[in-house]
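The block underneath contains the structure these notes are about, expressed in structure tokens.
The values are calculated or read from the model by the stated rules, or taken from the named source; none is laboratory data. In this text, all values refer to a predicted model and were calculated from it rather than measured experimentally. Backbone-built Cβ (ideal geometry, glycine too); neighbour counts: all protein chains shown. To get the accessible areas, we keep the full protein, side chains included, count just its heavy atoms, and leave off ligands, DNA and RNA. Shrake-Rupley method; radii C 1.70, N 1.55, O 1.52, S 1.80 Å.
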Amino acid sequence: MDDISVLLVEKEELLHDIIGGNQPIFVCEKAQPKCEPEATETTDDTSVVEETLFKVEQDLGPQPLSVMKASQLLSWYTMAQNPNMPQVEAPGTLHPLWVRCDKSDPCATAWLGVETVYSGNKTSGVKLYTVSCKGPTGDETSFTKLDELKQEHEKRHHASTVATKGYAQYNLFCSLKEESMIFESQSSVIASLTWNNVEKVLECPPLSSKASLNIKVSVGDMRSPLYQTYKEMEFLLALAEGLRTGETEWLEPMETQSAVDLTRALIEELENVGQGAPGHTAKTSEKQKAKTDAIAAFSSMVIARGDLDFTEQLWEKMRKSVTSYQDITECLRIVVKAVKLGKIKPWIHKDSNSTLSKLILQSYQQQIDAMPLTGLTPANMLLELGLDKIRKDFINYLVGKELTTLNYLRYYLDTEVDLQEQVMRVRKLHHLLEILGTCSTFLSLPHDRLFLFTQSCLQYYKTSNYDEDHVFQLQIKPALISYFYEKEQPFSWAMEVSSGQGSKEVKTALYLSDKPLVDHISFDLDVPLDESVNGESEKMFYYRTMVSCSLISFT
């Protein structure tokens, strides 16, 4: 049929919000309209060529079929699968078929679906699904009641006993009220809860529910307790990208003094002291500045250490002030000269791995290798300083908080791989720490949950690319997060009535959601003119989706 398009899709996102399973499905919809072909003639010195041009109209998105046409397609599918109809040539095993509908019937049907039911290896019947949708409303009296849902189910299936199940999802970040500032954040913490024995529509999940957190964290949020670490990583990544591409976008300096002046001041301070000593840190004023910058954080998560060695202090000075490769070269030239002349013998962590650290350690024995500061060597040396310092920061927190061990961190701490790969692995660790910051400071999760979650995240990033859009999942007891959701309205809530077992199980369900679960039809908005859908109003407006199922037996 020219007017019908059938697609085999691995996962239909909107459908999989309302039906289970992950198998591929056929999605049937109206074919994209085409204009009549136009004939044009192209003339040259030797021939006339006729070309046919098809002008496809602007993509209108998926288009539905009429409910009557959809019913016809489901009838053909059912006959093709029915072994009692030998006159119909069966095409073999078929994936489930779902047809987009235009809501033209009294039930406002948006989808019709069918899937084959098997008894062993033989086809025993089909399940027919109907999905009907209505636009958003805040009037809870218009929602289908639990008793009404049970009656609808019993009318279709004549079941003597039924089971009920509830589902709810809450955006926990919505419970964080920012009175002074408004933040646009791509991060989200979604609590998903399921429970049995539903008593009423929109009931709050009981503490006996099964709960999981779906956590997605984007770095750079000013509310994050790791915002200062993000700024440090931002410079490291800019430097690494410049070395990789040859074009560096220098960040706005955070210090008013030049990088060279700051480096000279650090050298003079060490000369006055005689040598750097353990525990020497940045000035108190700088610490206070960091605290001021983090004023928007919703809680604290201390990553900073009090045992910065000389190279780490140098990194701190330079990352906040350098604006060119010339700055880097001049700063390191000053340091190397002071070390070679024996003006300073600064303290260095014994496990430091940077080129400059090794040079300083050599100076203790009066044996210093030549260090030509030409080309990209100075920039690579500065990158090494940053990697060394940030790795130690992360180790200090993760191991110090007993969230993991050095052995589990071996992949992330490997210095045998090239510098760009080292940067990527440190970046993964930073993302992990941002996620832990959300769990520990915002959610106040206990140590045992944080420990298991840390191992899961570390394992994921050993084999996966850096991805801020990845959703990490954590199983959790509802009592640990009930404070966040018990006074909130869910953005998605559902109840399900079911009967039967195995392949003969049938369900009738109601879904309430802040967004439509169907993308191919428009809705009449039952919303007052002075209120937007789930905008400024405290009242939640829900789209209503009903899913019913019928079991047709071939035996």
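Some notes on this structure:
- Which of Asp261, Asp309 is most accessible, then next, and so on - probe 1.4 Å: Asp261, Asp309
- Percentage relative contact order, the stretch 66-176, counting C-alpha pairs under 8 Å, at least six apart: 18 percent
- Loop-located trypsin sites (Lys or Arg not before Pro) in the stretch 445-530 (DSSP state other than H, G, I, E, B) with a sparse environment of at most 10 neighbouring Cβ atoms within 10 Å: Lys487.
- With a Cα cut-off of under 17 Å and a minimum spacing of 8 residues unless on different chains, the lysine pairs in the stretch 351-445 number 5.
- With contacts taken as Cα pairs under 8 Å at a separation of at least 6 residues, the stretch 110-257 carries a relative contact order of 14 percent.
- In the assembled protein chains, Arg333 presents an accessible area of approximately 110 Å² (probe radius 1.4 Å).
- Accessible area expressed per residue, the stretch 74-147, with surrounding protein chains retained (probe 1.4 Å, Å²): 49 Å²
- Cleavage-rule hits, GluC sites (Glu not before Pro), the stretch 308-417, DSSP coil, Cβ neighbours within 10 Å at most 16: Glu402, Glu416
- For the stretch 317-324, 3J(HN,Hα) computed residue by residue from phi via the Karplus equation (6.51, -1.76, 1.60; θ = phi - 60°) reads 5, 6, 5, 8, 9, 6, 10, 6 Hz, glycine and proline entered as x.
- Accessible-area value, Tyr129, 1.4 Å probe, nucleic acids and ligands omitted, Å²: 40 Å²
- Spacing of the two label points (7 Å from each Cα toward its C-beta) at Met222 and Lys345, in nm: 4.8 nm
- When a 1.4 Å probe is rolled over the protein heavy atoms, the share of accessible surface on the stretch 429-520 that falls to carbon and sulfur comes to 48 percent.
- The stretch 397-555: relative contact order in percent, alpha carbon pairs under 8 Å with at least 6 residues between: 16 percent
- Out-of-range pairs (alpha-carbon distance over 21 Å; input Lys122/Lys165; Lys165/Lys539; Lys350/Lys462; Lys165/Lys504; Lys127/Lys507): Lys122/Lys165; Lys165/Lys539; Lys350/Lys462
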